[in-house]
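Engineer: Let me give you the structure first, and then I'll get to my questions.
The values are calculated or read from the model by the stated rules, or taken from the named source; none is laboratory data. The shown structure was predicted, so the numbers you read here are calculated from the model rather than taken from an experiment. Glycine also receives a Cβ, built like all others from the backbone with ideal geometry; neighbour counts cover every protein chain displayed. Note: areas computed on protein heavy atoms with side chains; ligands, DNA, RNA excluded. Shrake-Rupley method; radii C 1.70, N 1.55, O 1.52, S 1.80 Å.
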Amino acid sequence: MQQIFNFIFKNSYRMLFLLLMIIAVSLTIQSHSYHKSKVISSANFFTGGVYEMTSNVEGYFNLKVQNEELAKENARLKGLLFNIKDSTKVPNLDSIKGVKKTDIIISKVIKNSYSNQVNFLTLNSGFKQGVKPEMGVINSLGIVGVVENTSANYSTVLSILNTESPLNAKVKKSNHIGSLTWNGKNTGFVQLTDVPRLATVRKGDTIVTGAQSTIFPENIGIGTIEKIYIDNETNLYMIDVRLFNDMTSLGHVYIIRNKDREEIINLEKKTQKNE
C-alpha cells in the first residue's frame with residue numbers, strides 16, 4: 001500500500017496533466033460538431049470491427065437456425081410461384097416495392113440492442129458502400145429502422161424500437177395515417193397514434209409505411225393491429241401493432257436509397273418560407 005502512495009506522490013504532476021488533457025479534449029469534442037463527427041466516425045470504425053468479429057462467431061453457431069429460416073422462406077416463395085398461373089408475373093425478388101435494384105444496399109446486422117428506450121443496430125456497410133444517414137432499413141418481413149451515423153465500412157441504425165423518433169405509417173385498407181412510435185415496453189409491439197376516429201380499424205388489419213414518408217417507400221410492411229384504444233386527451237385512436245419482424249433476431253437487411261428525398265425536403269422548405 002505504501003508503494004502505491006509513493007507512486008501517486010511521485011507521479012502526481014503527470015497524472016494531473018493527463019486528467020486536465022482528457023477534460024480539455026472532451027470539452028473540445030462536445031463543443032465542436034466537426035470534431036464530434038470525426039470521433040463518432042472513428043468509434044464506429046473501431047467498434048464495427050469488434051462487432052463484426054463477434055457476429056461472425058455467433059453466426060457460425062447459429063447456422064442451423066438460419067438454415068431453417070431460409071428453408072421456410074424458400075417454401076413460401078415456391079408456394080407463391082406455384083400459385084401464379086402465368087410464370088411471367090413472378091415478381092422480381094431483387095426489387096422491393098418498386099425500388100430499383102441499384103437503389104438497394106444489402107448489409108448484415110452485426111450488433112443489435114433491444115432492451116433500451118432508444119435502441120440501435122450496427123451494420124457492416126458504410127459510406128464506401130453508399131450508405132448515408134436517414135436511409136431506410138428493411139428486410140424481407142418489414143421495416144427495421146433508419147440509418148443514424150456512418151463510417152467507412154459500418155453504420156449505426158436507429159431501430160423502430162425507440163421512444164423518440166416517430167415514423168409515418170398508415171392502415172393499409174383505408175389509407176388513414178398516423179405516427180408510429182414505441183412505448184418502450186414489449187419488443188414485439190409498436191404503437192400507431194393519431195389515427196382519426198372516423199377510420200374503420202379492426203384487429204388483424206395490416207399496417208404499412210405511409211406515402212408521407214421521405215425515408216421509406218410506401219406500403220412496406222410493419223405489422224398487424226392487435227389492440228385498439230381511444231386516447232382520452234386527443235379523442236383519437238391509439239393502436240398496438242404486432243410487428244412482422246422479430247426485432248430481437250435480425251440477420252441480413254436492405255438499405256434503401258430514396259433519390260427523391262432531397263428534392264421533396266427542399267420543396268417543402270421553400271413552401272414553408274413562402275407561408
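Engineer: Would you be able to say whether some residue in region 219-232 is hydroxyl-bearing (Ser, Thr, Tyr) and either over 27 Å from GLY126 (Cβ atoms) or assigned to a loop (DSSP other than H, G, I, E, B) (or both)?
Structural biologist: Yes, some residue in region 219-232 is hydroxyl-bearing (Ser, Thr, Tyr) and either over 27 Å from GLY126 (Cβ atoms) or assigned to a loop (DSSP other than H, G, I, E, B) (or both).
Engineer: Looking at region 160-183 only, could you name the residues that are under 22 Å from SER113 (Cα atoms) and open to solvent by less than 20 Å² (accessible area, probe 1.4 Å)?
Structural biologist: Those that are under 22 Å from SER113 (Cα atoms) and open to solvent by less than 20 Å² (accessible area, probe 1.4 Å): ILE160, LEU161, ASN162, LEU180, TRP182.
Engineer: Restricting to region 184-218, count the residues that are within 20 Å of ASN119 (Cβ to Cβ) and outside any loop (DSSP other than H, G, I, E, B).
Structural biologist: 7
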